[in-house]
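The structure appears below as structure tokens.
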Amino acid sequence: MIGDSRITKVLYGGDYNPEQWPEEIWEEDMRLLALAGIDIVTLNVFSWALLQPDENTYCFEKLDKILDMVTRNGMKVCMATSTAAHPAWMARRHPDVLRTEFNGMRRKFGGRHNSCSNSPTYQHYSAMLARRLAERYKDCSSIVAWHVNNEYGGGCWCENCEKAFRVWLREKYHTLEELNQAWDTAFWGHTFYDWEEIVVPNLLSEHFEENRTTFQGISLDYKRFQSESMQKNFESEAEAIRSVIPNAKITTNLMGFYKHLDYQKWAASMDFISWDNYPANEDPYSKMAMNHDLMRGLKGGLPFVLMEQTPSVTNWLSYNALKRPGVMRLWSYQAIAHGADAVMFFQMRRSIGACEKYHGAVIDHAGHENTRVFREIQELGKELKKLGSATLGAVTCAKIAILADWDNWWAVEYSAGPSRDLNYMQEVFLYYRALCEQNYSVDIIGMEDSLSSYKMVLAPLLYMTKGSFDEKIRAYVKKGGIFLTTFFSGFVDEHDLVVTGGYPGKLRDILGIWVEESDALPGGVYNRFTYQGTSYQAGLLCDIVHLEGAEALTEYEEDFYAGYPAITRNAFGTGEAYYIGTQTEEGFLKKFLKECLSRVGVWPVLEVSENIEVTERRKDGKSLWFVLNHGDEEKTFSLPCRRRELLTGQIFEKGEEVSISKKGVLILEE
């Protein structure tokens, strides 16, 4: 994970903000955090205003005291740079630092992430602060990682961004002729004759809603530009730290499938991946699992850090339900099960003011250890200490990959048709869930990743086939791989220009089909198909498919395209390519994918009853099974081989019936 030899167990801790409290409370915090088993704290996340009261003055004395205190108490430190919220003086004296909203409204000082990523003021002072912090604390032995900014987000459409966008476009397209061709500006008379004629796409120009634009190519490029602009902010601070501490381990906390930033591109700039897990109350466990698997996949399967989760309750949902007893422990182990080498919280002590005063914490407003939440945190701390290094560095060896691509995400949901209900990540999750909830190991990959280690690659809604990605798929299937994609795939290139000659464009020969039309069905309206004697819904889109070498596995049953293929299979080289031409039910996908995988010898980690999640990580040639009961009742299952439970030391023999309590966790070592 962080790659520090001093780390010998799963790190346990989180954000600590003692600057919000009088110093007489600090020593009591140390007592309580030690009691809870906390061994790492993230310091200095939102302290810019305290550290720098004006352009030229830096005040590190309070941070010195805090750092000295936590170091004396044996804690490791993740040092943050504080740059997610600029000081009030900066907004007053340098208004270029303030963001302009999508609707053209210029913001005033307030909130956080209110800094324009292309503001020269912000770029200068954020990098300067990062360097000053590195200079002051370069010799501090307790600092094991550096945390730049915090949860990057907040787009901007100001004049600075407009100017920087033009520079970005020049570097990308070189000439206006190439740009006009890529954007198809002959449509609606949009031809540009001077770079200065290009404006940012928002409600003042190309958009009539946030996700609806008259020129997809322009809006798509601005999404890319914004993601890269914030990434450059991160890289600037990271470079400032490395100029002082060359071997510093630097990260920032990502937010799962966050639409606005292309994390697959960000990953190359990060020494290790960390992220914040705040699921909605109603989220299925498989949705959390998919986010974890994305984080693991960003660095080619390397372990990651769970940087934030709430110990008990969030504060921004409409209904902020408590985490029920056992859930905090269960979800912490779920992160470890999918590749985490650290479990951390926001926050250590509950704030008394502003918008997060009712967000959960290790130390509640009661100020003592006699709370349900503290007791649960303390027990988990003891378990992680006992677990030691048993899971550190363990990897997941998946034979199934699902492609998730930000360009496709943006382009699908900017598309001018065929349905406003198209939701890229919902479709990706539909396929992931069908696999996860049957306990298959799955990697989430990007277009730059190798396919060679996988038996099956799924690419739902592969609307955009960028560059030579079709060649990668073609070679993969020819050599025996199984490839599956869905409706609305292969339609456009990387500029969102339609690939003419018939859908699905560059994928046509691989899939052995031609898609003539797509019928968009309103919500609640369905066609149907039958597979192995069971009838299933066909909704959202129904592609009208002609066979060009593929075979039909089932057909539509209603409307004028009754009898046309709904699902096809094409033998291609020594592999197979499947096309699912409609959105269908989870029950069908579970059955269908299991059949496909069984033919190539890919099986679930363990077949157990519903709501039992089982994942596998491997270390030193040994298999570790994480068995997690997300249900509300005790369950039993039979073990196919002899295993030792790491948390209790109990030995289970082959064929033995094993019980797992509700919200329970077992870690079974080979």
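Loop-located chymotrypsin sites (Phe, Trp or Tyr not before Pro) in region 430-474 (DSSP state not H, G, I, E or B) with no more than 12 neighbouring Cβ atoms inside 10 Å do not occur. Between GLU159 and HIS368, the simple spin-label model (points 7 angstrom out along Cα→Cβ) gives 6.0 nm. Once the Cβ-Cβ distance of GLU379 and VAL244 is raised to the sixth power relative to R0 = 45 Å, the FRET efficiency obtained is 0.65.
When only alpha carbons are used to place a centre, region 397-458 and region 285-343 end up 20 Å from one another.
What net charge do the residues around GLU228 carry, taking every other residue with its C-beta under 13 Å from that of GLU228, with Lys and Arg at +1 and Asp and Glu at -1?
Numbers: positive: LYS172, LYS223, ARG224, LYS232, LYS265; negative: GLU171, ASP221, GLU235, ASP262, ASP407.
Here the charged neighbours net out to 0.
Around the amide H of PHE345, modelled in the peptide plane, lie the amide H atoms of GLY13, GLY14, ASP15, GLN309, all under 5 Å away and 5 or more residues distant in sequence or on another chain.
Under a 5 Å amide H cut-off, with hydrogens placed 1.01 Å from N, GLY256 pairs with ASP276 among residues at least 5 apart or on other chains.
Can you give me the C-alpha center-to-center distance between region 632-664 and region 73-95, rounded to a whole angstrom? So the two Cα centres are separated by 47 Å. Quick one: Cα centre-to-centre distance for region 156-176 and region 533-572, in angstrom? Rounded to whole Å, the Cα centres lie 44 Å apart. Accessible surface calculations at 1.4 Å, restricted to protein heavy atoms, place region 338-454 at 35 Å² per residue. By DSSP, the beta bridges lying fully in the chain are antiparallel in about 55 percent of cases. Between GLU471 and GLU197, the modelled labels are 3.5 nm apart [label points 7 Å from Cα along Cα→Cβ]. Other residues whose C-beta falls under 11 angstrom from the C-beta of VAL600 contribute a net charge of +1, scoring Lys and Arg +1 and Asp and Glu -1. Remark: relative contact order (the chain) = 11 percent; criterion is Cα-Cα distance under 8 angstrom and separation of 6 or more residues. Looking at region 484-588, the chymotrypsin sites (Phe, Trp or Tyr not before Pro) that sit in a DSSP loop and have at most 10 other Cβ atoms within 10 Å of their own Cβ are PHE560. May I ask what percent, to the nearest 5, of DSSP beta bridges between residues of region 9-155 are antiparallel? The antiparallel fraction comes to roughly 15 percent. A cut-off under 13 angstrom between Cβ atoms defines the neighbours of TRP625, and their net charge, with Lys, Arg +1 and Asp, Glu -1, is +1. The distance between label points at ARG642 and ALA520 comes to 6.2 nm (points 7 Å beyond Cα on the Cα→Cβ vector).
The candidate values were (i) 345; (ii) 165; (iii) 383; the one computed from these coordinates for volume of the Cα convex hull per residue in Å³ carries the label (ii). Among the GluC sites (Glu not before Pro) in region 506-612, those located in a DSSP loop and surrounded by at most 12 other Cβ atoms within 10 Å of their own Cβ are GLU558, GLU610. Between THR8 and ALA552, the FRET efficiency from the beta-carbon distance, with R0 = 51 Å, is close to 0.35.
Subtracting the Cα-Cα distance of ALA49 and TYR531 from their residue separation scaled by 0.36 nm leaves 167.2 nm.
Here MET288 sits with roughly 10 square angstrom of accessible surface, probe radius 1.4 Å. Length gained on full extension, ASN56 to ASN180: 40.1 nm, using 0.36 nm per residue less the C-alpha separation. From its DSSP helices (H runs of at least four residues, each -39,500 (n - 2.57)), the chain gives a residue-normalised ellipticity at 222 nm of -9000 deg cm²/dmol. Distance distribution note for region 383-535: the fraction of Cα pairs above 28 angstrom is 28%. Accessible-area rank, largest first, for HIS190, HIS174, HIS207: HIS174, HIS190, HIS207, with all protein chains present and a 1.4 angstrom probe. Using the average count of surrounding beta-carbon atoms within 10 Å as a protection proxy, the listed peptides 618-625, 380-387 rank, highest first, as 380-387, 618-625. By accessible area, using a 1.4 Å probe on protein heavy atoms only, region 470-535 has 52% of its surface on carbon and sulfur.
With a 10 Å radius around each residue's Cβ, average the other Cβ atoms per peptide and rank 57-64, 421-428, highest first.
Result, highest mean Cβ count within 10 Å first: 421-428, 57-64.
For region 520-670, the solvent-accessible area works out to 44 Å² per residue, with a probe of 1.4 Å and every protein chain left in place.
In this model, which of LYS9/LYS654; LYS287/LYS399; LYS594/LYS619; LYS9/LYS619; LYS506/LYS594; LYS9/LYS385 are farther than 18 Å apart at the alpha-carbon? Walk me through the numbers before you get to the answer.
On the way: LYS9/LYS654 29 Å; LYS287/LYS399 20 Å; LYS594/LYS619 27 Å; LYS9/LYS619 14 Å; LYS506/LYS594 28 Å; LYS9/LYS385 7 Å.
Pairs exceeding the cut-off: LYS9/LYS654; LYS287/LYS399; LYS594/LYS619; LYS506/LYS594.
Computed over region 39-182, relative contact order equals 27 percent, with contacts defined as Cα pairs under 8 Å that lie 6+ residues apart.
The values are calculated or read from the model by the stated rules, or taken from the named source; none is laboratory data. Quick caveat, the model's predicted, so the values are computed rather than measured. A quick note on method: Cβ atoms are made from the backbone with ideal geometry, for glycine too, and the neighbour counts reach across all protein chains shown. Only protein heavy atoms, including side chains, enter the accessible area calculation; ligands, DNA and RNA are left aside. Shrake-Rupley method; radii C 1.70, N 1.55, O 1.52, S 1.80 Å.
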